[in-house]
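K.L.:
One structure, pasted below without further comment.
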Amino acid sequence: MKLASLKDGRDGRLVVVSRDLRQFAPAEPVVRTLQQALDDWARVAPLLAEIAAGLEHGTTAAERFRERTAASPLPRAYQWVDGSAYLNHVELVRRARGAEMPPSFFTDPLMYQGGSDAMLGPRDPIMLANEEWGIDCEAEVAVIVDDVPMGIDAKRARDHIKLVMIVNDVSLRNLTGPELAKGFGFLHSKPPTAFSPVAVTPDELGTAWRDGKLHLPLLTSINTKPFGQPNAGQDMTFDFGQLIAHAATTRPLSAGTIVGSGTVSNKGPDGSPGRPVPLGGQGYSCIAEIRTVETLLEGKPKTPYLKFGDTVRVEMKNADGHSIFGAIEQQVQKYVP
């Protein structure tokens, strides 16, 4: 089942989307918003699945689905926590700041709590006031859970995953170092996050969804040029069950909580940080990684951070080459108060 929220008020209007992303049917009168569905998932999900089946069989009245009309599946969420499950990424961005990798990072997931009151839709621009902040994209996978009890173990936590999405978690790299040096976490360096046009139930992903991971390449392009294609199931140290359990260590998680994987990142076959796509590698899901690799190899970075007018696209395709979640495609624009 694939679900989307059309732009309509603060919380959107929930619709059921066909597998090929071409058509939709309203979720009403079953439920109006995705948050309402998640609050009563056991009862509502089978009713939404009936609408989805009708779409596929042509027995439900349908309208044309256009990704540009979609908000984030959850236009605002009760909670957005983002992990950093790909330690290749963690090592590279920390190396760029001159920070070491503590041994605990291999056993205890990194995670921060981001702003969730205003999520960006998949075609919304990235509005920022200053290019000098070091504007970067971060392509990720995320899941939405129902109510998760405190203290749950990782295996049982996987059962609470109800929907899967892809993410562009925008970061302002030149603000990150000074902000973290204060010892109190991210704030200004993490502006609003964008999510895919649709969120899908794990069963839609077939064998690509296993062991709490999504085993497919995550495709990122910048100004139409391929930038990254790392496999999201590879080099993921902590699966989503572990990330959810970590988030729920000292608190329950409310239905509608979004848990992110962190930037998808693969090592090269020889254990190196990986190579750019034009050189036959898997590339990168954020600019900070390639800048670190350039510094290691050439003494300084040469790839610039994003500028006003640049466009980032993030997408994931199935084995047949069809888009699963639709595409995030955003232009960086200057914000003028």
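The values are calculated or read from the model by the stated rules, or taken from the named source; none is laboratory data. Just so you know, these numbers come straight off a predicted model, no measurement behind them. Neighbour counts are summed over all protein chains in view; Cβ atoms, including those assigned to glycine, are modelled from backbone coordinates with ideal geometry. When the accessible area is computed, the model is the full protein with side chains, heavy atoms only, and any ligands, DNA or RNA have been set aside. Shrake-Rupley method; radii C 1.70, N 1.55, O 1.52, S 1.80 Å.
K.L.:
Of all residues in region 287-305 being under 24 Å from I126 (Cα atoms) and out of contact with any helix residue (DSSP H, G or I) (no Cβ under 7 Å at 6 or more places or on another chain), which is least open to solvent (accessible area, probe 1.4 Å)?
P.N.:
I287
K.L.:
Please note which strands (runs of 3 or more DSSP E) are completely contained in region 64-159 and include at least 1 residues that are open to solvent by less than 50 Å² (accessible area, probe 1.4 Å) and among the aromatic types (F, W, Y).
P.N.:
Working: elements: 80-83, 111-114, 126-128, 139-145.
In region 64-159, the matching strands (runs of 3 or more DSSP E) lie at 80-83, 111-114.
K.L.:
May I pose another question? Restricting attention to region 313-337, which residues are under 13 Å from L128 (Cβ atoms), among the hydrophobic types (A, V, I, L, M, F, W, C) and in contact with a strand residue (DSSP E or B) (Cβ under 8 Å, 6 or more places away or on another chain)?
P.N.:
Looking only at region 313-337, we keep the residues that are under 13 Å from L128 (Cβ atoms), and these are 330-337.
Retained after the next criterion (residues that are among the hydrophobic types (A, V, I, L, M, F, W, C)): 332, 336.
Answer for region 313-337, where residues must be under 13 Å from L128 (Cβ atoms), among the hydrophobic types (A, V, I, L, M, F, W, C) and in contact with a strand residue (DSSP E or B) (Cβ under 8 Å, 6 or more places away or on another chain): just V332.
K.L.:
Hey, can you tell me all the residues within region 266-280 that are surrounded by fewer than 24 Cβ atoms within 10 Å (Cβ to Cβ) and within 24 Å of T207 (Cβ to Cβ)?
P.N.:
Within region 266-280, the subset surrounded by fewer than 24 Cβ atoms within 10 Å (Cβ to Cβ) is 267-273, 275-280.
Scanning region 266-280 gives K267, P269.
K.L.:
Do we have any residue at all in region 146-162 that's of a type in the set (D, E, K, R), in contact (Cβ under 8 Å) with a residue 12 or more places away in the chain and at positive phi?
P.N.:
no
K.L.:
Applying the selection to region 65-90, what residues are more than 17 Å from F24 (Cα to Cα) and of a type in the set (F, W, Y)?
P.N.:
Matches in region 65-90: Y78, W80, Y86.
K.L.:
When you check S171 against the structure, is it open to solvent by less than 20 Å² (accessible area, probe 1.4 Å) and in contact with an Asp or Glu (Cβ under 7 Å, 6 or more places away or on another chain), yes or no?
P.N.:
On the way: open to solvent by less than 20 Å² (accessible area, probe 1.4 Å): yes; in contact with an Asp or Glu (Cβ under 7 Å, 6 or more places away or on another chain): yes.
Here the answer is yes, as S171 does meet what is asked.
K.L.:
Take region 306-322 and flag every residue that is open to solvent by 30 Å² or more (accessible area, probe 1.4 Å), part of a strand (DSSP E or B) and within 19 Å of R22 (Cα to Cα).
P.N.:
K317
K.L.:
Considering region 2-39 alone, what residues qualify as being within 12 Å of P73 (Cβ to Cβ) and among the hydroxyl-bearing types (S, T, Y)?
P.N.:
Hits for region 2-39 are S5, T33.
K.L.:
Next question. Name the residues in region 266-286 that are touching a helix residue (DSSP H, G or I) at 6+ places or on another chain (Cβ under 6 Å) and not in a loop (DSSP other than H, G, I, E, B), would you? Talk me through it step by step, then tell me what you get.
P.N.:
First pass over region 266-286, keeping only residues touching a helix residue (DSSP H, G or I) at 6+ places or on another chain (Cβ under 6 Å): 267, 273, 283-284.
G283, the sole residue that qualifies.
K.L.:
Something else now. Would you mention how many residues in region 239-265 are of a type in the set (G, A, S), open to solvent by less than 10 Å² (accessible area, probe 1.4 Å) and assigned to a helix (DSSP H, G or I)? Lay out the reasoning, then the answer.
P.N.:
The initial filter retains those residues of region 239-265 that are of a type in the set (G, A, S), namely 241, 245, 247-248, 254-256, 260-262, 265.
Next, from what is left, pick out any that are open to solvent by less than 10 Å² (accessible area, probe 1.4 Å): 241, 248, 255-256, 260-262, 265.
Those still in the list that are assigned to a helix (DSSP H, G or I) too: 241.
Within region 239-265, residues that are of a type in the set (G, A, S), open to solvent by less than 10 Å² (accessible area, probe 1.4 Å) and assigned to a helix (DSSP H, G or I) number 1.
K.L.:
Now a separate question. Please find, among T207, T193, T201, T220, the residue that is among the β-branched types (V, I, T) and in contact with a Ser or Thr (Cβ under 6 Å, 6 or more places away or on another chain). Let's see the steps before the verdict.
P.N.:
Values: T207 fails: in contact with a Ser or Thr (Cβ under 6 Å, 6 or more places away or on another chain); T193 fails: in contact with a Ser or Thr (Cβ under 6 Å, 6 or more places away or on another chain); T201 fails: in contact with a Ser or Thr (Cβ under 6 Å, 6 or more places away or on another chain).
After ruling out the rest, the residue left standing is T220.
K.L.:
Could you list, in sequence order, the residues of region 175-200 that are of a type in the set (A, V, I, L, M, F, W, C), crowded, with 18+ Cβ neighbours inside 10 Å and outside any strand (DSSP E or B)? Let's see the steps before the verdict.
P.N.:
Taking region 175-200 as the starting set, the residues that turn out to be of a type in the set (A, V, I, L, M, F, W, C) are 175, 180-181, 184, 186-187, 194-195, 198-200.
Subset that is crowded, with 18+ Cβ neighbours inside 10 Å: 175, 194-195, 198-200.
Across region 175-200, the qualifying residues are L175, V198.
K.L.:
Residue by residue through region 201-238, note down the ones that are assigned to a loop (DSSP other than H, G, I, E, B), open to solvent by less than 30 Å² (accessible area, probe 1.4 Å) and not hydrophobic (A, V, I, L, M, F, W, C).
P.N.:
Initial filter on region 201-238 (assigned to a loop (DSSP other than H, G, I, E, B)): 201, 211-212, 215-216, 223-224, 229-230, 232-238.
When the remaining residues are screened for being open to solvent by less than 30 Å² (accessible area, probe 1.4 Å), the result is 201, 212, 216, 230, 232-233, 236, 238.
Listed by number, the residues that qualify are T201, G212, P230, G233.
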